[in-house]
Amino acid sequence: MAKSKTKKDHKKRVAARNKRIQEDKARMQKAQREFIMNLIKKEQEEGKFNNNPMINPIDGAIDGPMIEGPSI
């Protein structure tokens, strides 16, 4: 059975709308990424990343008591 012209046109419109939505989403993500990168670059130039404390994952990972086995 042949598909009607309106059904074909509808599928084309839906595909075009979905493509437009994906392109808008990609454009927004790119703009957000560029904004964040520019913000980080600006803060690096101001020296806000110079005095970060060194975090050692081995020393400060476990501060509480060690519990072995299942606890209820």
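No value in this document is a laboratory result; all are computed from the given coordinates. Here the structure is a predicted model, which is why all the values come from computation and not from measurement. Quick reminder, even Gly has a Cβ in these numbers, built from the backbone with ideal geometry, and neighbours come from all protein chains shown.
For the reader, a short list of remarks on this structure follows.
- Lys/Arg +1, Asp/Glu -1 at C-beta; region 1-46 dipole; positive extreme among Asn18, Met37, Ser4: Ser4
- Taking the Kirkwood radius as Rh and the Cα radius of gyration as Rg, region 1-46 has a ratio of Rg/Rh equal to 1.48.
- Environment charge at Ala16 (Cβ cut-off 14 Å; Lys +1, Arg +1, Asp -1, Glu -1): +4
- A straight Cα-to-Cα reach below 22 Å connects Lys25 with the lysines Lys11, Lys12, residues fewer than 8 places away in its own chain not being considered.
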